[in-house]
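Enquirer: Shown below is the structure under consideration.
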Amino acid sequence: MATAKTTLPNAGPVSGSRSFLSRLRDGDEIARLTTMVFAATVVLITLLLVYELWTDSALARAKFGLHFLVTRVWDPNIDQYGALPFMYGTLVTSAVALLIAVPLGIGAAIFLAELAPPRISDTLQFFIDLLAAVPSVIYGLLGVFIIVPLMRTVIFPALNEPLGFMPFFKGPSYGVGFLTAGIVLAIMVIPYIISVSREVLLSVPSDQREAALALGSTRWESTWKVVVPFAKTGILGSVFLALARALGETMAVTMVIGNTPTISASLFSPGDSIASVIANQFTEATGDVYLQALVELGLVLFLMTFILNGLARILIVVTTQKGSGVPV
Amino acid sequence: MSARVKWRRFVSNFMLTLTGLCALVSVSVLFLILGYLVFNGGKSINWAFFTQLPKPVGEAGGGMANAIVGSAKLLMAASLLGVPIGFFGGIYLAEFSRSAVASVVRYAADLLNGVPSIVIGIFAYSMVVLPFKHFSTLAGAFALGLMMIPITLRSTEEFLGGVPRYLREGAMALGASKWKTIATVVVPAAYRGILTAILLALARVAGETAPLLFTAFGNRYWSEGWGQPTASLPVVIFNYAVSPYEDWHRQAWAAGLVLLGLILIINILARTILSRGIAVPRS
Amino acid sequence: MKRIAVLVVGVLALGAIVWAQNPLLINGAGATFPYPIYSKWFDEYHKKFANIQFNYQSVGSGAGIKQATEGTVDFGATDGPMNDDQLKAFQDKRGSGILHFPTVLGAVVPTYNVPGVSGALDFTPEALAGIFLGKITKWNDPAITGANKGVNLPANDIVLIHRSDGSGTTYIWTDYLSKVSDEWKSKVGKNTSVNWPVGLGGKGNEGVTGLIKQTPNSIGYVELIYAAQNNIPYGAVKNSSGSFVKADLASVSAAAAGAAKDIPEDFRVSITNAPGKSAYPISSFTWLLIPQKFQDAGKRDAVKGFLMWMLADGQNYAEALSYAKLPKEVIEKEKKAINSIQ
């Protein structure tokens with residue numbers, strides 16, 4: 001019988017067993033090295049980004065130190081810069097966004113995961129995914145032409161009349177401000193909360209639900225008292241994800257927040273956020289300290305989103321692993 | 001049935017209806033947005049909008065032809081940067097992934113994904129605009145391309161990983177080397193998912209405005225080649241929306257409709273491709 | 001589907017046409033104050049010379065100065081002249097000087113949106129300073145009603161709108177306020193970007209006008225043409241001779257008349273609160289910032305050609321857009337200065 005000459009497939013490079021050059025002649029090694037170069041580029045770019053942020057803010061960091069984080073003044077005239085009003089604006093608008101988006105989002109996720117038949121759930125999820133794809137500038141457009149007038153004519157009177165004694169709802173209102181920005185942000189982050197929470201809820205093993213129902217609980221009780229607590233770390237993760245998105249949002253916020261570095265308890269007050277002030281002032285920051293102060297703001301924002309994203313991922317992974325029975 | 005049970009049943013139905021309302025509200029926002037855009041922008045979409053350049057300030061008429069072409073160029077160039085790095089990097093992670101380098105790469109990609117777009121703009125400004133002393137399409141494409149990398153990378157890895165083992169093993173049993181297996185069997189099997197990922201990444205960056213503010217800058221005319229500033233749809237929408245001119249507002253709505261329409265079409269297309277399943281039935 | 005295909009083909013075809021033409025593109029950025037006339041000028045000049053394109057981005061004087069200094073644009077534009085530090089920074093970074101070329105005269109007007117008031121209100125310097133310092137908070141404050149007897153001003157809170165970006169218009173406004181109010185001078189000062197005691201920020205003259213149009217009880221400061229083109233009322237201001245003058249071609253030209261003969265060589269001069277009975281007190285030149293040395297001979301010649309045209313035919317477009325023409329003496333001096341561009 002004639003034996004066909006077959007080349008044995010390579011078992012892959014065994015370290016140290018063949019010389020580098022002979023391994024290189026294999027297509028495999030070249031493939032591995034080539035793709036590794038591309039993969040390494042990703043790491044390189046990320047490192048470079050952090051490095052640039054760090055060095056391009058050196059002057060400002062040297063001049064202000066950690067005081068930067070607690071100074072209220074932002075005055076290019078005297079070269080004094082502080083991040084506090086912007087951090088305040090970023091955090092307040094995000095907090096308002098979460099206050100609105102979390103109940104709505106979790107409610108919708110519960111409906112999609114627990115109640116809706118699979119086809120309806122998938123269809124609705126499809127639309128929610130589309131909502132997540134709407135670009136920020138479109139939200140800004142809607143914010144400027146629809147929500148701002150609405151705020152001035154409907155929402156402000158509705159909240160200010162009964163609740164105006166509370167510092168949060170003191171007037172006057174200009175239409176733009178923290179609350180407007182918060183509402184726009186809420187719409188932008190709801191899809192994230194819904195999609196992740198829905199997935200997390202779906203991954204809760206059904207024996208949990210069934211056990212509760214078998215013990216006589218209503219649908220709502222089994223959902224709220226058994227399923228949701230089981231998934232709560234994952235849901236928390238989705239909230240962190242949404243928060244990270246809200247923190248970094250630029251365009252929609254800058255079009256409706258009022259662009260004034262103010263710290264005020266009133267939600268109707270205009271303010272500014274980190275992303276918004278960078279977008280507004282970056283191209284015109286004359287003077288090195290001014291520009292570097294803006295880059296330092298970028299660094300602060302980067303750190304905030306970095307921490308949140310990290311936490312979010314850990315929480316989500318923990319929950320889905322818990323659900324699938326894999327020991328954490 | 002005791003009163004207590006009746007109450008619990010009532011609460012259950014009430015709360016569950018409430019969640020249904022939440023879902024309804026969330027989904028209807030999408031349709032509200034579309035509705036507003038169609039209503040306000042639809043009447044301003046005409047042939048002039050797509051073919052003419054902007055007119056001087058205060059004069060009515062003109063269009064956004066340069067912004068549309070500008071956006072198209074930016075996306076093309078961004079894909080040239082983002083897709084290869086993401087694609088080949090994803091292959092590395094999926095196929096050669098047991099090394100420590102791989103987890104570092106994954107971590108870096110997730111980090112890059114979470115960077116706010118304005119910070120990417122700052123980075124692109126110092127890397128591309130300052131050294132070349134020019135605002136340019138290239139700088140804008142650099143920023144957008146960076147944002148495409150993590151999405152493409154992670155999705156490529158995920159879809160390649162989803163290709164069943166028996167395909168790989170079959171190829172190897174027939175004598176194919178590893179890279180040949182990847183190139184001729186695994187990647188084609190996962191192509192739907194990868195294509196979807198690329199489309200979704202494109203849709204994501206098509207609407208990005210912030211990073212373009214200090215990279216592509218803006219241009220009232222056609223942008224020659226790749227080294228000149230260029231107009232782009234999202235930036236023009238932003239500038240027109242905050243202006244006081246009614247005519248520009250009209251055009252901003254129309255542009256918003258065009259932009260959103262394109263993004264939604266790409267999204268729907270991508271998801272439809274994906275839902276048709278991978279090219280080979282799973283075992 | 002077919003329409004999309006046609007669209008894609010059309011776009012690609014247009015792109016091909018564009019690729020074929022290869023015009024000279026000169027990039028500039030800066031003040032929003034003169035944007036209406038600049039965009040008109042560059043458009044007209046392009047009609048004359050189809051292969052020259054001036055791409056001007058209206059991003060604010062601050063950005064104009066900054067980007068010209070960085071060299072990312074070929075020229076800048078500002079209504080707040082560069083100070084000595086900025087000139088030095090340009091010299092250090094770019095290795096040559098930068099020249100200021102006045103282009104037109106404009107006015108910054110106090111514009112407002114007060115329900116029930118459609119005519120021109122009269123503002124005293126004290127009123128303006130008080131409003132912008134945040135000390136006068138209601139429309140029916142005596143400082144305002146005192147000068148406007150017969151006008152029914154409501155007891156509403158004043159909403160102040162200022163610029164959120166680095167602005168030459170802000171420079172002109174704060175320059176004026178610094179001259180008429182010692183408190184303003186010491187507390188806030190004059191600059192393209194200041195620490196405003198109160199108010200909301202809008203981006204560019206465009207943004208401020210937009211906000212005023214949409215916000216009842218608001219007051220802000222914009223270049224004259226923005227108020228005129230958008231049909232929002234603007235007020236008269238009391239000048240140093242005591243008359244309430246509304247901004248128009250005659251009053252702006254009157255403000256420049258005194259300074260024209262003695263304008264310094266580098267053309268940096270402030271004409272706010274100018275003497276003269278009919279002078280509008282918040283007038284200003286606006287300047288193009290042209291580097292003294294150009295690397296590209298083609299760009300240099302195009303810029304010089306444009307400047308000559310701007311000083312001659314270009315001036316004829318100014319009045320239709322409510323900018324006043326440059327005084328003859330200034331034009332003559334500028335023509336000589338163009339020769340120093342290398």
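Enquirer: Kirkwood hydrodynamic radius of the range C:97-247 from all distinct Cα pairs, in Å?
Expert: Working: mean 1/r = 0.0643 Å⁻¹.
In the range C:97-247 this quantity evaluates to 15.6 Å.
Enquirer: Another one. Take the Cα pairs of chain B, get the Kirkwood Rh, then feed it into Stokes-Einstein at 10 °C and 1.306 mPa s and tell me D in µm²/s. Show your work: numbers first, answer last.
Expert: Working: Rh = 21.7 Å.
After rounding, the answer is 73 µm²/s.
Enquirer: Only four residue types carry charge here, +1 at the Cβ of Lys and Arg and -1 at the Cβ of Asp and Glu. Report the dipole size of the range C:185-273 about the Cα centre in Debye, rounded to the nearest 20. Could the numbers behind the result be given before it?
Expert: Numbers: 9 positive and 6 negative charges, 72 e Å.
Taking the Cα centre of the range C:185-273 as origin, the dipole is about 340 debye.
Enquirer: Moving to a separate point now. Taking the alpha-carbon centroid of each part, what is the distance from the range A:258-328 to the range C:160-200 in angstrom?
Expert: So the two Cα centres are separated by 30 Å.
Enquirer: If the cut-off is 21 Å between C-alpha atoms, which lysines fall inside it for B:K178, apart from same-chain ones fewer than 8 positions away?
Expert: Within the straight-line limit of under 21 Å, B:K178 reaches these lysines: A:K5.
Enquirer: Further, regarding this structure: Excluding residues on the same chain fewer than 8 positions from C:K47, give the lysines whose Cα lies under 16 Å from its Cα.
Expert: B:K55
Enquirer: Now a separate question. Between B:W47 and A:V73, what FRET efficiency comes out of the Förster formula 1/(1 + (r/R0)^6) with R0 = 41 Å and r the beta carbon distance, rounded to 0.05?
Expert: Details: r = 53 Å, r/R0 = 1.28.
Plugging the Cβ-Cβ distance into 1/(1 + (r/R0)^6) gives 0.20.
Enquirer: At a Förster distance of 60 Å, what's the computed FRET efficiency of C:A143 paired with B:R4, Cβ-Cβ distance as r, to 0.05? Let's see the in-between values first.
Expert: Working: r = 69 Å, r/R0 = 1.15.
Efficiency, from the Cβ-Cβ distance: 0.30.
Enquirer: Show me the helices of chain A, taken as full DSSP H stretches, that run 27 Å or more along their long axis by Cα and average -1.0 or above in Kyte-Doolittle hydropathy. Mind showing how you got there, number by number?
Expert: Values: long enough: A:27-55 (41 Å, 1.30); A:84-110 (37 Å, 1.89); A:178-202 (35 Å, 1.97); A:228-248 (30 Å, 1.34); A:288-323 (52 Å, 1.37).
Membrane-span-like by this rule: A:27-55, A:84-110, A:178-202, A:228-248, A:288-323.
Enquirer: Taking every residue in A:271-282, how many Cβ atoms of other protein chains lie within 10 Å of its Cβ, on average? Write down the numbers at each step before the final one.
Expert: Details: counts 0, 2, 0, 3, 6, 4, 3, 8, 10, 10, 8, 8.
Going residue by residue through A:271-282 and averaging, the value is 5.
Enquirer: Another question, then. Pull up the DSSP beta bridges for chain C and report the antiparallel fraction as a percent, rounded to 5.
Expert: On the way: 23 of 41 bridges.
Percent antiparallel among DSSP bridges in chain C is about 55.
Enquirer: According to the Cα gyration tensor, what semi-axes, each the square root of 5 times an eigenvalue, does the equivalent ellipsoid of chain C have, listed from largest to smallest in whole Å? Intermediate values should be presented prior to the final figure.
Expert: Working: eigenvalues 261, 126, 67 Å².
Square roots of five times the eigenvalues give 36, 25, 18 Å.
Enquirer: Projected onto the charge dipole of chain B (+1 at Lys/Arg Cβ, -1 at Asp/Glu Cβ, origin at the Cα centre), which of B:A189, B:L37, B:L144 gives the Cα projection farthest towards the positive end?
Expert: Towards the positive end, the residue furthest out is B:A189.
Enquirer: Something else now. What's the exposure ranking of B:D110, C:D92, going from fewest to most Cβ atoms within 10 Å?
Expert: Details: B:D110 17, C:D92 9.
Going from least to most buried by this count: C:D92, B:D110.
Enquirer: Using Cβ contacts closer than 10 Å as the measure, can you line up A:R313, B:R154, B:R220, B:R276 from fewest to most? Working shown, then result.
Expert: On the way: A:R313 16, B:R154 19, B:R220 23, B:R276 9.
Going from least to most buried by this count: B:R276, A:R313, B:R154, B:R220.
Enquirer: Would you mind computing, in nm to one decimal, how far apart the modelled labels at C:W309 and A:F126 are, each placed 7 Å from Cα along Cα→Cβ?
Expert: Here the modelled spin labels are 5.5 nm apart.
Enquirer: For chain B, modelled as a GNM with alpha-carbon contacts under 10 angstrom, which of B:I33, B:I198, B:I266 fluctuates the most?
Expert: Of B:I33, B:I198, B:I266, the most mobile in the Gaussian network model is B:I33.
Enquirer: I've got another one for you. Using the beta-carbon distance between B:L34 and B:F132 and R0 = 60 Å, what value does 1/(1 + (r/R0)^6) give for FRET efficiency, to the nearest 0.05?
Expert: Numbers: r = 40 Å, r/R0 = 0.66.
Step by step, r from the Cβ atoms, then E = 0.90.
Enquirer: Considering every pair of different Cα atoms, what Kirkwood radius, in Å, is found for the protein assembly as shown?
Expert: Numbers: mean 1/r = 0.0332 Å⁻¹.
Here the Kirkwood hydrodynamic radius works out to 30.1 Å.
Enquirer: Under 13 Å from the Cβ of A:S136, count the other residues' Cβ atoms, weight Lys and Arg +1, Asp and Glu -1, and hand me the total.
Expert: 0
Enquirer: Let me ask another. Compute, for the protein assembly as shown, the length of the dipole vector about the Cα centre, with Cβ point charges of +1 (Lys, Arg) and -1 (Asp, Glu) only. Units Debye, rounded to 20.
Expert: Values: 74 positive and 59 negative charges, 472 e Å.
Dipole of the protein assembly as shown, to the nearest 20 debye: 2260 debye.
Enquirer: Across 5 Å bins from the origin, how do the percents of Cα pairs in the range A:194-300 run, short distances first?
Expert: Calculated P(r), rounded to whole percents: 2, 11, 14, 13, 11, 9, 8, 8, 8, 7, 5, 2, 1, 1, 0.
Enquirer: Could you give log10 I(q)/I(0) at q = 0.21 Å⁻¹ for the range B:1-129, computed by the Debye formula over C-alpha point scatterers of equal weight, without solvent?
Expert: Each listed q corresponds, in turn, to -1.20.
Enquirer: Can you tell me what the convex hull of the Cα atoms of the range C:217-342 projects to on average, as an area in nm²? Write down the numbers at each step before the final one.
Expert: Details: hull surface 36.4 nm².
The number I arrive at for the range C:217-342 is 9.1 nm².
Enquirer: Could you list, in their original order, any pairs among C:K261/C:K336; C:K66/C:K293; C:K149/C:K213; C:K93/C:K187; C:K135/C:K277; A:K170/C:K135 whose Cα atoms are separated by more than 21 Å? Mind showing how you got there, number by number?
Expert: Numbers: C:K261/C:K336 15 Å; C:K66/C:K293 17 Å; C:K149/C:K213 25 Å; C:K93/C:K187 32 Å; C:K135/C:K277 29 Å; A:K170/C:K135 19 Å.
In this structure, C:K149/C:K213; C:K93/C:K187; C:K135/C:K277 exceed 21 Å between Cα atoms.
Enquirer: Filter the cross-link list C:K138/C:K190; C:K179/C:K304; B:K43/B:K133 down to pairs whose alpha-carbon distance in this structure exceeds 29 Å. Walk me through the intermediate numbers first.
Expert: Values: C:K138/C:K190 25 Å; C:K179/C:K304 36 Å; B:K43/B:K133 41 Å.
Table pairs above 29 Å Cα-Cα are C:K179/C:K304; B:K43/B:K133.
Enquirer: Sticking with this one: What distance in nm separates the two pseudo spin-label positions at C:S243 and C:N339, each 7 Å out from Cα along the beta-carbon direction?
Expert: Here the modelled spin labels are 4.0 nm apart.
Enquirer: Now for a separate question. Just name one of B:F10, C:N152, C:F244: the one whose Cα is farthest towards the positive end of the charge dipole of the protein assembly as shown (beta-carbon charges, Lys/Arg +1, Asp/Glu -1).
Expert: B:F10
Enquirer: For the range C:224-243, list residues with backbone N below 19 Å from a point placed 7 Å from the Cα of C:D262 toward its Cβ?
Expert: Taking a point 7 Å out along Cα→Cβ of C:D262, the residues of the range C:224-243 whose backbone N falls under 19 Å are C:240-241.
Enquirer: Assigning unit charges at the beta carbon (Lys, Arg +1; Asp, Glu -1) and nothing else, what dipole magnitude in debye, to the nearest 20, does the range A:209-328 show about its Cα centre?
Expert: Numbers: 7 positive and 7 negative charges, 164 e Å.
Around 780 debye, computed over the range A:209-328.
Enquirer: Additional query: So for the range A:19-124, considering every pair of alpha-carbon atoms, how many percent are separated by more than 20 Å? Could the numbers behind the result be given before it?
Expert: Working: 4001 of 5565 pairs.
Cα-Cα pairs in the range A:19-124 separated by more than 20 Å: 72 percent.
Enquirer: In the Gaussian network model of chain B, springs joining C-alpha atoms below 10 Å, which of B:F123, B:F159, B:F96 carries the largest mean-square fluctuation?
Expert: Highest fluctuation among the options: B:F96.
Enquirer: Calculate the length of the line joining the C-alpha centroid of the range A:197-229 to that of the range B:50-90, in whole Å.
Expert: 48 Å
Enquirer: Quick test of the membrane-span-like rule: which DSSP H helices of chain B reach at least 24 Å along their long axis (C-alpha atoms) with mean Kyte hydropathy at least -1.0?
Expert: Working: long enough: B:3-42 (56 Å, 1.18); B:65-95 (44 Å, 1.35); B:137-161 (35 Å, 1.02); B:187-206 (27 Å, 1.52); B:246-275 (43 Å, 1.01).
Length and hydropathy pass: B:3-42, B:65-95, B:137-161, B:187-206, B:246-275.
Enquirer: Taking every DSSP beta bridge that has both residues in the protein assembly as shown, what percent is antiparallel when rounded to the nearest 5?
Expert: Working: 26 of 44 bridges.
Of those bridges, close to 60 percent are antiparallel.
Enquirer: Moving to a separate point now. Would you mind computing the Rg to Rh ratio of chain A from its alpha-carbon coordinates, Kirkwood style for Rh? Let's see the in-between values first.
Expert: On the way: Rg = 26.0 Å, Rh = 23.4 Å.
Rg divided by Rh gives 1.11.
Enquirer: Sorting B:K133, B:K178 on the 10 Å Cβ count, fewest up front, what's the list?
Expert: On the way: B:K133 15, B:K178 24.
By the 10 Å Cβ count, ascending: B:K133, B:K178.
Enquirer: Quick one: compute a quarter of the convex hull surface over the Cα atoms of the range C:242-283 and quote it in nm². List each step's numbers first, then the result.
Expert: Working: hull surface 11.1 nm².
Result: 2.8 nm².
Enquirer: OK, next. Report Rg/Rh for the range C:259-322, rounded to two decimals, where Rg is the Cα radius of gyration and Rh the Kirkwood radius. Present the calculation step by step, with values, prior to reporting the outcome.
Expert: On the way: Rg = 15.2 Å, Rh = 14.4 Å.
Ratio value, two decimals: 1.05.
Enquirer: Under 20 Å between alpha carbons, and skipping anything fewer than 8 positions from A:K232 in its own chain: which lysines qualify?
Expert: Answer for A:K232, where 20 Å is the Cα cut-off: A:K322, listed by chain and number.
Enquirer: Could I ask something else about it? Tell me, what is the percent relative contact order of the range B:78-216, built from C-alpha pairs under 8 Å that lie six or more residues apart? Walk me through the intermediate numbers first.
Expert: Details: 165 pairs, mean separation 55.3, N = 139.
That works out to 40 percent.
Enquirer: Given the convex hull over the Cα atoms of the range A:164-210, what projected area results after averaging over all orientations, in nm²? Spell out each step's value before the answer.
Expert: On the way: hull surface 22.3 nm².
Averaged projected hull area, Cα only: 5.6 nm².
Enquirer: Name the residue farthest towards the positive end of the dipole of the protein assembly as shown from the options B:F135, C:L326, B:A109, assuming +1 on Cβ of Lys and Arg, -1 on Cβ of Asp and Glu, about the Cα centre.
Expert: The residue sitting farthest along the positive end of the dipole is B:A109.
Each value in this text was obtained by applying a stated rule to the coordinates, not by laboratory testing. Nothing here was measured: the structure is a model prediction, and the numbers come from that model. Neighbour counts are summed over all protein chains in view; Cβ atoms, including those assigned to glycine, are modelled from backbone coordinates with ideal geometry.
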